[in-house]
1. Going by alpha carbons, how many degrees (0 to 90, nearest 10) lie between the helix axis of 336-355 and the longest principal axis of the chain?
2. For residue 396 and residue 322, what does the FRET efficiency come to when R0 = 22 Å and r is the distance between their Cβ atoms, rounded to the nearest 0.05?
3. Tell me, 160, 390 in order of fewest to most beta-carbon neighbours within 10 Å?
4. Under a crude label model (7 Å from the Cα following the beta-carbon direction), how far is residue 221 from residue 125 in nanometres?
5. Within segment 61-93, list the residues whose amide N lies under 14 Å from a label point set 7 Å along Cα→Cβ of residue 420.
6. Report, in whole Å, the centroid distance computed from the Cα atoms of segment 1-75 and segment 246-274.
7. Give the angle, between 0 and 90 degrees and rounded to the nearest 10, that separates the Cα long axis of helix 154-178 from the longest principal axis of the Cα atoms of the chain.
8. Under a crude label model (7 Å from the Cα following the beta-carbon direction), how far is residue 1 from residue 13 in nanometres?
């Protein structure tokens, strides 16, 4: 176990090193404390939910692995989330889906309302977290031939339109009850496996469906909507109705947030470059921080180059206040609770490292065409002791330092996870 006195010694040295280049580490720590991540509940149960847990996953979604201890009930899932949140520094939020409603009645997706999320609101109040929402447009018999809101059948579209409307009621309920704005993110799996004849029709239907869903106005202090695109998915390799460009334009024209999922782009694209291109025109961003391995495979987030670039873009361009950062991955080959902790802490580390830089001085050098200084300083920063600042951040938030949190996870496995059926 890391000793507190050693952390303090290391932090004192790091603080002095960063002060030499004009960076106040105390202010940086205070800045990072303000950043709330939105934790995705579906990592804990492999996206089964509680409404139809035996329904096969559809919509191009799949979870691999069989690590013991999967959550089967609301109490098990919230217990696992609580454990993860105690090991992640700071105060955060939790993302839900329609299929995580808790009700003692047999209800279809289009019948789920705020009353079915009272369990989650009560838990969130006790936990001190906010709640975000996602309407579930997958894992249901009415996902017909990979179509929902863009379906050529009016009865199918009407069903999913009602699901979308209900989700907005739920998100508004979250915001009112918890006093934190609830981001309601819309993603649909609609598209064709092979080349379509009509590319315009499905998009016209999707626009009409979304417009109907969003017709009612809610106070933005309670809830706000985001729309999420995708390059392609399993079963819709040739044509995605809700493409990136489609939702980019829809978000700007309808004053919605645009959701950028790091796994939904071509592997060679740098998603961080999209932020500064969109934000001068758009309302704001919702991020789903994920890690694609060759495709949208939703691996657990690690502090890799892609994540570092995402964090640098947000910090250097002062876009954190206009960006909601959510996590989105699922891996059942490892401890599911540990996956939350690894991904969240990696995201925070990337943000911290981005903040620990003399950004104003570097921007000044760039404006003066001093590219030598820009390159030299950014390279030297890579070996600065940001790890000591991270340890101090964990210590101040009363969370384990270094890999000490893994001991808690292993004990939780013995006491809880391995005892589940």
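Any read-out appearing in this document is the output of simple, stated calculations on the displayed coordinates, not a laboratory observation. Because the structure is a prediction, the values reported are computed rather than measured. Every residue, glycine as well, gets a Cβ built from its backbone with ideal geometry; the counts of neighbours run over all protein chains shown.
1. 50
2. Rounded to the nearest 0.05, the efficiency is 0.25.
3. Numbers: 160 26, 390 23.
Ordered from fewest to most neighbouring Cβ atoms within 10 Å, 160, 390 come out as 390, 160.
4. Label at residue 221, label at residue 125, 1.9 nm between them.
5. Under 14 Å, as judged by backbone N against the label point of residue 420, lie 66-84 of segment 61-93.
6. 23
7. Taking the Cα atoms of the chain, the angle to 154-178 is about 40 degrees.
8. Using points 7 Å along Cα→Cβ, the separation is 2.4 nm.
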